[in-house]
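Report on the following structure.
The values are calculated or read from the model by the stated rules, or taken from the named source; none is laboratory data. Note that the structure is a prediction, hence the values are computed from the model and not measured. All Cβ positions, even for glycine, are placed from backbone atoms using ideal geometry, and neighbour counts span all protein chains on display. Ligands, DNA and RNA are excluded from the accessible area calculation, which covers all protein heavy atoms including side chains. Shrake-Rupley method; radii C 1.70, N 1.55, O 1.52, S 1.80 Å.
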Amino acid sequence: MNDQAEALRHLVRQQENIRNQRTTRVVTITSGKGGVGKSNFSLNFALSLQKLGCKVLVFDADIGMANIDVLMGVTSSYNLYHLLKQDKTIWDIIQLGPQGLHYIAGGSGVTELLQLSDRELERFGTEIGKLHGEYDVILFDTGAGLSKETVKFIMSAQQTIVVTTPEPTSITDAYALIKMVKGMEPQVTFRLIVNRASSRREGTETAEKIELVARRFLQCDLPALGIIPDDSSVSKAVKRQKPFTLLYPDCAASASIMSIAKAFLEVPQTAASAGGVKGFLHKLFSRSR
């Protein structure tokens, strides 16, 4: 019996060491306008990172159009609101999607998150702080456009991925979002995803166009993380409420997402990443007061 107890204590110590050593990347995924495939990208990007061995949590932070669970064809028992107002713990509201993917469903709780009383804020910070070291990557799928909630998430995260398409309105809105955030917080770093490109050439030209304008007028680099082709398999998977990387693992879009996931893991982490979840929370709430 004593041997079993000692083995259990040893396992607990090992798990604590893993959490303490793990650096959690907090990443915001956003877009200048709706309808560019941002949430679908977030979901399949998370699944691809998981396939590469990462422990990932997807946080649906889109207030008006929260739909990560819809894309997976699952029903969520709890969301952020239950943590804030119904005394659920962070572990209670983390749900399981396909392939055991961990996610937190979105909803009205995102708005209330930025309007907490000091007492509620302290409890929320304690609960979310428990995620530090539990995950390799936490992805915040924000709302599209320039809402105050989205801007605060972007300025608080360690990295931000902007999803656009080659359509002129999408390009214009993506640039407007980057310009606004850079005007408020020049240190924010962005990486670009061009989705639904009709060809590799179109995707590359779109990325180069945005990067050139950003360098000339904003004095910032905007490297492309990858290009995703316009693939009919994606819309088929959406209709069936299944992630396309699982339903059609060999399609062109799935191959592109996997390449993007590999490229993301090769991006060097900056000093800003060292703060992990706790650093993210500090920035988020200091901007909410």
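Beyond a 26 Å Cα-Cα separation, which of these cross-linked pairs lie in this structure: Lys55/Lys262; Lys88/Lys239; Lys33/Lys130; Lys182/Lys242; Lys51/Lys209; Lys85/Lys152?
In this structure, Lys88/Lys239; Lys33/Lys130; Lys182/Lys242; Lys51/Lys209 exceed 26 Å between Cα atoms.
Is the shape of the stretch 44-166 best called rounded, prolate or oblate, per the rule: a/c under 1.5 gives rounded, else a/b larger than b/c gives prolate, else oblate, with a ≥ b ≥ c the square roots of the Cα gyration tensor eigenvalues?
rounded
In nm, to one decimal, how far is the Ser147 label point from the Gln99 one, both placed 7 Å along Cα→Cβ?
The answer from the label model is 2.8 nm.
When the chain is fully extended, how far beyond the present Cα-Cα distance does Thr23 get from Arg216, taking 0.36 nm per residue of separation?
Between Thr23 and Arg216, full extension yields an extra 66.1 nm.
Report the net charge of residues surrounding Ser233, where surrounding means a beta-carbon distance below 13 angstrom and charges are Lys +1, Arg +1, Asp -1, Glu -1.
In short, +2.
Nearest 10 degrees is fine. How inclined is helix 276-286 to the longest principal axis of the chain, computing both from alpha carbons?
Its long axis makes an angle of about 80 degrees.
Give me the angle, in degrees from 0 to 90, between the Cα long axis of helix 118-129 and the longest principal axis of the Cα atoms of the chain, rounded to the nearest 10.
90
Measure off, as a whole percent, the carbon and sulfur share of the 1.4 Å-probe accessible area of the chain, all protein chains present. Each step should come with its number before you reach the end.
Values: 6970 of 13800 Å².
That share works out to 50 percent.
What distance in nm separates the two pseudo spin-label positions at Asn67 and Cys54, each 7 Å out from Cα along the beta-carbon direction?
Label at Asn67, label at Cys54, 2.4 nm between them.
Please build a GNM for the chain, connecting alpha carbons under 10 Å apart, and tell me which residue among Ser198, Ser254, Ser156 fluctuates the most.
Top of the fluctuation ranking is Ser198.
Note the angle between two axes, namely the Cα long axis of helix 252-266 and the longest principal axis of the Cα atoms of the chain, as a number of degrees from 0 to 90, rounded to the nearest 10.
Tilt of helix 252-266: around 60 degrees.
Grab the Cα-Cα distance for His282 and Ala255, subtract it from 0.36 nm times how many residues apart they are, and report the gain in nm with one decimal.
6.1 nm
Which three lengths, in whole Å and largest first, does the chain cover when its Cα atoms are put on their principal axes?
Here the Cα extents, ordered largest to smallest, are 66, 45, 34 Å.
Which value in Å does the Kirkwood hydrodynamic radius of the stretch 227-276 take, with 1/r averaged over all unlike C-alpha pairs and then inverted?
When all Cα pairs of the stretch 227-276 are included, the Kirkwood radius is 12.4 Å.
Between Thr172 and Glu266, take the C-beta separation as r, use R0 = 25 Å, and let me know the FRET efficiency to the nearest 0.05.
0.25
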